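A short write-up of the structure that comes next.
The values are calculated or read from the model by the stated rules, or taken from the named source; none is laboratory data. Nothing here was measured: the structure is a model prediction, and the numbers come from that model. All Cβ positions, glycine included, derive from the backbone under ideal geometry; neighbour counts span all protein chains shown. Keep in mind that these areas ignore ligands, DNA and RNA; they rest on the heavy atoms of the full protein, side chains included. Shrake-Rupley method; radii C 1.70, N 1.55, O 1.52, S 1.80 Å.
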Amino acid sequence: MIPDSRRGSQTQQLFSVSPPGLALLLPPVTLAALVDSWLREDCPGLNYAALVSGAGPSQAVLWAKSPGVLAGQPFFDAIFTQLNCQVSWFLPEGSKLVPVARVAEVRGPAHCLLLGERVALNTLARCSGIASAATAAVEAARGAGWTGHVAGTRKTTPGFRLVEKYGLLVGGAASHRYDLGGLVMVKDNHVVAAGGVEKAVRAARQAADFALKVEVECSSLQEAVQAAEAGADLVLLDNFKPKELHPTAAALKAQFPSVAVEASGGITLDNLPQFCGPHIDVISMGMLTQAAPALDFSLKLFAKEAAPVPKIHWS
């Protein structure tokens, strides 16, 4: 369910600051299964390096070496918990990172610390990168005076969707539908298969019943009007240029003020403000999950009280 844009600004603000409650969204059983699959993928057989490190007690510091937003603590914790290690965080989830930042400390058997190192860093780096991109997008939209929803899409990495959707929320964006069951979205191929917009929307409306909303992807004002007349709750104006988007949205809203309008397609951090307008309720951006660069973290073991600060290699 996607609320109207007036309520959207309040939701975004709640998630744009440190959001400790977001970890409650992650089902423990699902989280444990994900972590198990990641660790099995990285070490499905013999771990020869464990003979080098040994099983003695050890400690390591997690360093952030690039700026951005910290996200992914529940996944990082779950990885090391499964390996009998303990994590102590110095910064809360959602923190703005200024390198070089001392983020956390991990303690446990040396071979377990090193077994979880790369999996944990990969997950944290990717999740934080998405949160950073989401934060930048929300800030750009708010800077343009727009209070609607900046959202992700279903363009996620297979097997990694939970992390990526969570990262969007930490960054203050809406996650959009989590999967095919979260919203009945009628896309162009559905329209072709059904034999037209009206037939497709009627079938979607019947399938959705009272529990789900129906969104229809449209390529023209005519299609958008047909979708709204057939009972669509949301209309997705896909791949519209800004100069075409805003008049189309305004015309649709004039006839159907209760229908929400989503803009998508070709939207980046640079051109996002051009898509913000009074008749647009949602702006979805595939690049938030597909193109967000990972942040740079490192985990350094240390034997003495003073942990060495890593060097940053600027590109």
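Computed FRET efficiency, Cβ-Cβ of S220 and K300, R0 45 Å: what is it to the nearest 0.05?
Computed FRET efficiency for S220 and K300 comes out at 0.20.
With 0.36 nm allotted per residue and the present C-alpha distance subtracted, the D36-D238 stretch has 68.9 nm of extension available. Taking +1 at the Cβ of each Lys and Arg and -1 at the Cβ of each Asp and Glu, which of A134, Q255, H279 sits farthest along the dipole of the chain towards its positive end, judged by Cα position relative to the Cα centre? So the residue furthest toward the plus end is A134. Proximity of backbone amide H atoms, modeled 1.01 Å from N, is registered between M185 and E215 at under 5 Å, excluding neighbours fewer than 5 places apart on the same chain.
Write down Rg/Rh for the chain, rounded to two decimals, with Rg from the C-alpha atoms and Rh from the Kirkwood relation over Cα pairs.
1.06
Ranking L24, L114 by solvent-accessible area of protein heavy atoms (1.4 Å probe, all protein chains present), from largest to smallest, gives L24, L114.
Ordered from largest to smallest accessible area (heavy atoms of protein chains, 1.4 Å probe), the residues S128, S219 come out as S219, S128.
So with the 1.4 Å probe, I'd like the accessible area per residue for the chain, rounded to whole Å². Mind showing how you got there, number by number?
Working: 15220 Å² over 315 residues.
For the chain, the per-residue accessible area is 48 Å².
Net charge in the neighbourhood of L212 (other residues with Cβ under 13 Å of its Cβ; Lys, Arg +1, Asp, Glu -1) is -1. Fully extending the segment from A291 to R102 would add 65.4 nm, taking 0.36 nm per residue of separation and subtracting the current Cα-Cα distance. Expressed as an acute angle from 0 to 90° and rounded to the nearest 10, what is the orientation of the C-alpha long axis of helix 221-230 relative to the principal long axis of the chain? The two axes meet at around 90 degrees. Take K155: with every protein chain present and a 1.4 Å probe, its accessible area is about 110 Å². Taking amide H as placed 1.01 Å from N in the peptide plane, the amide H of H149 sits under 5 Å from that of V282, I283, each at least 5 places away or on another chain.
Reducing segment 221-256 and segment 49-120 to their Cα centroids gives an inter-centroid distance of 48 Å. Relative to the dominant Cα principal axis of the chain, helix 161-170 is inclined by about 80°. With angles folded into 0 to 90 degrees, how steeply does helix 5-16 sit against the dominant principal axis of the chain? Use alpha carbons for both and round to 10. On a 0 to 90 degree scale, this one is about 0. Of the residues H149, H176, H111, the one with the largest accessible area comes first in the ranking H111, H176, H149, computed with a 1.4 Å probe on protein heavy atoms. If only the Cβ of Lys and Arg carry +1 and only the Cβ of Asp and Glu carry -1, the dipole of the chain around its Cα centre is close to 520 debye. Taking the accessible area of the chain, probe 1.4 Å, and keeping the other protein chains in place, the carbon and sulfur fraction comes to 57%. Fully extending the segment from A194 to D179 would add 3.3 nm, taking 0.36 nm per residue of separation and subtracting the current Cα-Cα distance. Treating the Cα atoms of segment 170-272 as identical point scatterers in vacuum, please give the log10 of the normalised Debye intensity I(q)/I(0) at q = 0.18, 0.19, 0.20, 0.22 Å⁻¹, two decimals. With one equal scatterer per Cα and no solvent, log10 I(q)/I(0) is -0.87, -0.96, -1.04, -1.21.
Sequence-ordered 3J(HN,Hα) estimates for segment 148-153 from the Karplus curve with 6.51, -1.76 and 1.60 and θ = phi - 60° stand at x, 9, 8, 10, x, 9 Hz, glycine and proline given as x. For A49 and L26, a Förster radius of 45 Å and the Cβ-Cβ distance give a FRET efficiency of 0.90, rounded to the nearest 0.05. Cross-link partners for K241 among the lysines, with Cα-Cα distance under 29 Å and sequence neighbours closer than 8 places in the same chain left out: K155, K165, K187, K199, K213, K253. Label-to-label distance for Q274 and A254 is 2.4 nm, based on points extended 7 Å past Cα in the beta-carbon direction. Reported to the nearest whole Å, the Cα centre-to-centre distance from segment 196-216 to segment 165-191 is 16.
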